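Computed from the coordinates by the stated procedures, all read-outs in this text should not be read as laboratory data. Since we're looking at a predicted model, the values are computed, not measured.
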């Protein structure tokens, strides 16, 4: 039951993302390919990664990562920001253009979270929040986000 329910929730979030990405293609609004969209989503999720961190996470070569990033920078969805600690290094940031146009999963997440708050008593919402925190911070060591280590 737990596995089925978790899979169903995860699948609904994925399908919502995919539907929004593909709707951009249908209406000819898309200036990013599906792969480029996922690249920007990864950059956003990693929280200002370097090019090498992005390449390592995506399991692609550094030259391939540079090629993809250059395309995203040229289209205005990602920017390179020079590191204050090491001036030779650049961090990747998602631009407002991306968040306004493609940051499509986050509005849905906020809507679902509001529905949870409306549907359940505050104590259950707090317990759910605690469980989610334990899941991402302790039970998913395969994926490390900035600030976790």
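Quick notes on this structure:
- Gyration tensor (alpha-carbon) shape descriptor, the range 31-102, a/c threshold 1.5: oblate
- Folded to 0 to 90 degrees: helix 34-46 orientation relative to the chain principal axis, Cα: 80
- Principal-axis tilt of helix 122-138 within the chain, Cα atoms, nearest 10 degrees: 40
- Helix-only mean residue ellipticity at 222 nm for the chain, each DSSP H run of n ≥ 4 adding -39500 (n - 2.57), per residue, nearest 500: -21500 deg cm²/dmol
- Separation between Cα centres of the range 5-78 and the range 112-149, rounded to whole Å: 23
- Based on Cα contacts under 8 Å between residues 6+ apart, the chain shows a relative contact order of 20 percent.
- The candidate values were [x] 151; [y] 209; [z] 127; the one computed from these coordinates for volume of the Cα convex hull per residue in Å³ carries the label [x].
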